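Here's the structure, in structure tokens; my notes come after.
Read-outs: derived from the displayed coordinates by stated rules, not from any lab. This structure is a prediction, so every number in the text was calculated from the model and none was measured. So basically every Cβ, Gly included, is an ideal-geometry build from the backbone, and we count neighbours across all protein chains shown.
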Amino acid sequence: MPTATEDRVSTLPDARGRFGRYGGKFVPETLMFALEQLEQAYLDAKHDPAFQEQFHRILNEYVGRPSRLYFAERLTREAGGARIYLKREDLNHTGAHKINNAIGQALLTKRMGKNRIIAETGAGQHGVASATAGALFGIPCRVYMGEEDIRRQELNVFRMRAMGTEVFPVTSGSRTLRDAVNEAMREWMSTVEGTHYIIGSAIGPHPFPMIVRDFQSVIGQEIKQQSLEQIGGLPDVVVACVGGGSNAAGTFHPFVDDTTVELVGVEAGGHGPKLGGHAATLNYGHPGVLHGTFTYVLQDNDGQTADVHSVSAGLDYPAVGPEHAYWKDTERVRYCNVTDAEALDAFYLCSRLEGILPALETAHAVVETMRIAAKRPKDDIVVLCFSGRGDKDCAEVARVMASRGT
């Protein structure tokens, strides 16, 4: 397999939807036509100036892009090393990066002449983004959400319902993100003619990993431009949390050919390395197929998809996008993991030092950002994709901290 320096990895996926050995389409025949229709619609839209103008106009006027690149002075002082900058996706309308992709896919829905959207959600941020896009364009929306995540993310459930979206509780399995994806895919197979499934992360069968990455690449593109304007050069390190991997894919992709920039993805270490106690797929998983794509998957000794855990509902997923699997194997991106306890501490640290509440997903990346900055010289630049705000997590953080006696 070629290394990242031997091949321009930004050109992937190939015509078969493969990132090296990963990706592809592993779906029932009933979905093949829909995937081919979606790919053609996306490729046409990608080269359609009118589509691109509309997409970017909505991002600017409605979502609030470009998001700010903010110098975190007090976090920098606390780390005692490199300067830390936050790419403030939490300031987007709906409070996270998810709205970038939801707007893009809703426009594709209209382009394909479909009249309904469905989505899955874990932390609720993609559900809120899909509900928002549905309300904006007048498209009926249903969101599948695990019963456990509905409990953890009550605020986002209210937001979805307030915008007219049906939130469908998933009671099977672990009642979290994996099961929500299962149910959404099951429903899509029976309603595919008039319904588009807005997958929220860089997962699933081709062309979803490509589409989600491309719509989210506005993050990395803005970081490059803002770094040149504000700092005078590219950052030394770029960090993002990784569950399915959409914010990280969009952040990293514009940098993959800039080999002087270190890229670091942070997974959910949960309670520790024991299977079932974490969601660190790239650290502990093995290649396999889940939700229509070949990628790294957390599996038990019989090859069955394992249960996972994270205090963060958005990272609580037993696989990862296939492009991340490729980046791991080519060593273009370094992937590490952070425990629940470390992420909770970082939630409070960032809140108290910067007055910015991070989403629990983002808090995982805050931990590794502080570690990296502490080891680097003061002239170095570390940029963190601040993927979402923590309002949605406040009740769950309070509950977990009370259970810890703190």
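Take 126-132, 345-351 and order them by the average number of nearby Cβ atoms within 10 Å per residue, most first; the result is 126-132, 345-351.
Can you give the local net charge around Val218? Use residues other than it whose beta-carbon is closer than 12 angstrom to its beta-carbon, Lys and Arg +1, Asp and Glu -1.
For residues surrounding Val218, the net value is +1.
Our helix-only sum for the chain, with -39,500 (n - 2.57) per DSSP H run of n ≥ 4 divided by its residues, gives a mean residue ellipticity at 222 nm of -13000 deg cm²/dmol. Any idea what log10 I(q)/I(0) is at q = 0.10, 0.13 Å⁻¹ for region 49-183, Debye with uniform C-alpha scatterers and no solvent? Each listed q maps to, in turn, -0.40, -0.63. Taking 0.36 nm per residue of separation and subtracting the Cα-Cα distance, full extension of the segment from Glu61 to Ile231 would add 58.6 nm.
Across all directions, the average projected area of the convex hull around the alpha carbons of region 137-178 is 3.0 nm². With R₀ set to 25 Å, the beta-carbon distance separating Leu353 from Arg404 gives a calculated FRET efficiency near 0.75. Take the convex hull of the alpha carbons in region 13-67; its mean projected area over all directions comes to 5.6 nm². Net length available on complete extension from Arg161 to Lys46 is 38.2 nm, with 0.36 nm assigned per residue and the Cα-Cα distance removed. Averaging the Cα positions of each part gives two centres, and for region 62-119 and region 279-352 these lie 21 Å apart. Computed from the C-beta positions of Thr259 and Gln37, the FRET efficiency with R₀ = 35 Å rounds to 0.40.
Ranked by the mean number of other Cβ atoms within 10 Å per residue, highest first, peptides 330-342, 370-382, 230-242 order as 230-242, 330-342, 370-382. Taken over the C-alpha atoms, region 75-154 has Rg and Dmax values of 16.4, 54 angstrom. When you work out D = kT/(6 pi eta Rh) for the chain at 25 °C and 0.890 mPa s, using the Kirkwood radius from C-alpha pairs as Rh and the Stokes-Einstein form, the result is 118 µm²/s. Express in % the proportion of alpha carbon pairs of region 280-406 at distances exceeding 20 Å. Tail of P(r) above 20 Å: 52 percent of Cα pairs.
For the chain, averaging the sequence separation of C-alpha pairs within contact (under 8 Å, six or more residues apart) and dividing by the residue count gives a relative contact order of 21 percent.
Contact order, relative form, for region 154-209: 15 percent (alpha carbon pairs under 8 Å, 6 or more residues apart, mean separation divided by residue count). The alpha-carbon atoms of region 216-265, seen along their principal axes, cover 32, 19, 16 angstrom, with the largest extent given first. For region 180-309, the share of alpha carbon pairs falling in successive 5 Å distance bins from zero is 2, 10, 15, 19, 17, 14, 11, 7, 3, 1, 0 percent. Using the Cβ atoms and a cut-off under 13 Å, what net charge is assigned to the surroundings of Pro318, where Lys and Arg are +1 and Asp and Glu are -1? Within the 13 Å Cβ shell, the charges total -4. You can think of it this way: the chain between Ala341 and Thr171 has 58.5 nm of extra reach, that is 0.36 nm per residue less the Cα-Cα gap. Using a simple spin-label model with pseudo-atoms 7 Å out from Cα toward Cβ, Val289 and Lys274 lie 3.3 nm apart. With the convex hull drawn around the C-alpha atoms of region 234-331, the volume per residue stands at 98 Å³.
Using alpha-carbon pairs under 8 Å, 6+ residues apart, how would you state the relative contact order of region 143-298 in percent?
The normalised contact order for region 143-298 reaches 16 percent.
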